[in-house]
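The values are calculated or read from the model by the stated rules, or taken from the named source; none is laboratory data. Note that the structure is predicted; figures quoted are calculated from it, not measured. Neighbour counts are summed over all protein chains in view; Cβ atoms, including those assigned to glycine, are modelled from backbone coordinates with ideal geometry.
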Amino acid sequence: MVIRTTLGAVPVTVSLTDRAITVSRDDEFVVAWDSGGRLYSVVEGEATYRRGLNGRVLVKRRVNGVRQHEWASDEHAAAIVDRGAALARELLQAGALAHDVVVALEKVARFDSRVAADDAIRFDRVYRPIGILPPDEYLALVLQATEGCSFRSCTFCQFHREPYRVKSVRQFEDHVAAVREYLGDSLRLRDRTVFLGSANALAVPMPGLVPIVDVLAREFPGRPVHAFLDGFTGVMKSADDYAALAARGLRRVYIGLESGHDPLLALVGKPSTSEQVVETVQVIKSCGVKVGVIAMVGLGGDRFADAHMMETAEAINAMHLGAGDLVYFSDLVDLPGSPYLKAAGDAGIRGLDAGERLAQRQAIRSRLAFARPAPQMATYDIREFVY
Ligand code: SF4
């Protein structure tokens with residue numbers, strides 16, 4: 001339902017769906033809340049604000065053609081939430097709106113910064129930190145069968161640093177129930193896929209994993225299940241194992257190749273070899289499950305640039321990707337003081353600048369050869385992640 005009205009002389013458009021309500025004031029201030037009444041997006045002028053369920057607000061804008069990202073301060077985040085609620089109240093006071101719109105606006109008008117802060121505390125009780133998701137999964141329903149990563153060895157990785165833990169089926173069922181209760185109507189915005197977290201939930205051996213996936217099939221019948229996997233544990237499962245998971249709803253696996261050059265993988269502490277990733281992908285695809293393969297751009301700096309570029313393209317070509325598969329290019333985010341930067345510095349490796357990274361990405365792409373229909377290729381910018 002789309003309604004056009006005015007606040008004073010200013011045109012306002014309200015769009016109400018079963019997933020969200022969006023209010024646009026003069027196309028200059030556009031606020032979106034999910035159907036549970038939680039604000040999740042604001043666009044104002046050049047800036048886009050994405051609020052995560054944990055209460056943090058990411059600010060994105062383009063300056064001189066360059067995308068910039070920063071986290072809003074707590075005060076700024078609270079002010080954004082309050083301005084959204086105030087806009088909803090203004091509209092309600094202006095009156096003459098359809099009943100369904102009034103009900104939705106009353107709900108979002110209550111989501112001020114105080115309610116939002118309490119909501120973030122509730123989120124933290126239900127979820128362990130959600131380190132990262134693939135860009136196409138930001139609106140997935142995340143359910144955490146494991147916590148942390150079973151390796152935590154990759155020097156470039158800033159995610160999943162908490163201790164690794166595998167939930168029992170009972171604990172997972174309790175988690176699912178707690179997430180359902182917490183999200184309530186907000187589930188409707190996150191109704192396309194289930195993302196089985198965290199870093200490598202599919203690494204759980206089959207006797208523990210099958211009952212977990214059965215819980216998903218029972219609780220969310222027909223909902224595609226997606227998950228991360230690493231190549232090291234990926235090769236430990238057979239085609240029969242992946243077929244059994246596919247029969248229960250597994251539809252896509254995201255796997256970090258990072259590089260096709262094994263000496264570079266060893267340097268950065270990646271647990272898998274490129275051959276293990278290729279083999280894992282081939283087995284998974286033979287069971288009809290799609291894959292999303294992530295290659296890092298800039299990893300290994302100048303020292304590894306040529307080998308990284310050529311062997312990454314070779315590895316991806318060996319996977320025989322096709323329709324429904326994804327290839328993501330993820331720029332190395334080398335945070336000051338990170339183990340990666342220290343190791344690279346100790347080895348005398350110079351990092352690639354933005355132009356060199358772009359050239360490396362283009363060089364890898366130019367070497368990729370796919371049968372038709374080809375997989376989709378896209379950017380995986382970890383700085384844009386918000387859940
Ligand atoms: S396996 Fe993945 S999640 Fe674990 S440390 Fe390496 S990159 Fe990070």
Between R350, R357, which is at pLDDT 95 or above, farther than 25 Å from M319 by Cβ and in contact with an Asp or Glu (Cβ under 7 Å, 6 or more places away or on another chain)? R350
Restricting to the range 37-74, what's the tally of residues that are in contact (Cβ under 8 Å) with a residue 40 or more places away in the chain and out of contact with any Phe, Trp or Tyr (no Cβ under 9 Å at 6 or more places or on another chain)? 2
Can you tell me which condition A120 does not meet? The list is (1) surrounded by 14 or more Cβ atoms within 10 Å (Cβ to Cβ); (2) more than 16 Å from the ligand (Cβ to nearest atom); (3) not in a helix (DSSP H, G or I), and all the others hold. (3)
For the range 296-323 the number of residues that are surrounded by 19 or more Cβ atoms within 10 Å (Cβ to Cβ), aliphatic (A, V, I, L, M) and within 22 Å of A347 (Cα to Cα) is 5
Kindly indicate the residue of the range 338-369 that is buried (at least 18 other Cβ atoms within 10 Å of the Cβ) and not in a helix (DSSP H, G or I) and also nearest to the chain's Cα centre (by Cα) among those meeting that condition. L352
Quick check on this structure: which one of R50, R67, R25, R56 is of a type in the set (K, R) and modelled with pLDDT under 95? R67
Go through the range 218-263 and report how many residues are surrounded by fewer than 17 Cβ atoms within 10 Å (Cβ to Cβ), free of Cβ contacts under 8 Å to residues at least 40 places away in the same chain, away from the ligand (no atom under 16 Å from the Cβ) and aliphatic (A, V, I, L, M). 1
Restricting attention to the range 142-194, and to residues there that are part of a strand (DSSP E or B) and polar (S, T, N, Q), which single residue is nearest to the ligand (Cβ to nearest atom)? T146
Could you list, in sequence order, the residues of the range 47-65 that are of a type in the set (A, V, I, L, M) and out of contact with any strand residue (DSSP E or B) (no Cβ under 7 Å at 6 or more places or on another chain)? L53, V63
Look at V283 and say whether it is among the β-branched types (V, I, T) and within 16 Å of the ligand (Cβ to nearest atom). no
Residue match in the range 370-384 (condition: among the polar types (S, T, N, Q) and in a loop (DSSP other than H, G, I, E, B)): no
Restrict the check to the range 21-31 and report whether at least one residue is under 23 Å from L139 (Cα atoms), in a loop (DSSP other than H, G, I, E, B), in contact with a helix residue (DSSP H, G or I) (Cβ under 6 Å, 6 or more places away or on another chain) and touching a residue at least 60 places away in the same chain (Cβ under 8 Å). no
Taking V166 as the residue in question, decide whether it is closer than 14 Å to G197 by Cα, surrounded by fewer than 17 Cβ atoms within 10 Å (Cβ to Cβ), in contact (Cβ under 8 Å) with a residue 40 or more places away in the chain and out of contact with any Leu (no Cβ under 7 Å at 6 or more places or on another chain). no
Exclusive hit being touching a residue at least 24 places away in the same chain (Cβ under 8 Å), in contact with a Leu (Cβ under 8 Å, 6 or more places away or on another chain), among the small types (G, A, S) and more than 21 Å from L264 (Cα to Cα), set A307, A378: A378
Could you say which residue among D185, D174, D214 is without any contact (Cβ under 8 Å) to a residue 12 or more places away in the chain and of a type outside the set (F, W, Y)? D174
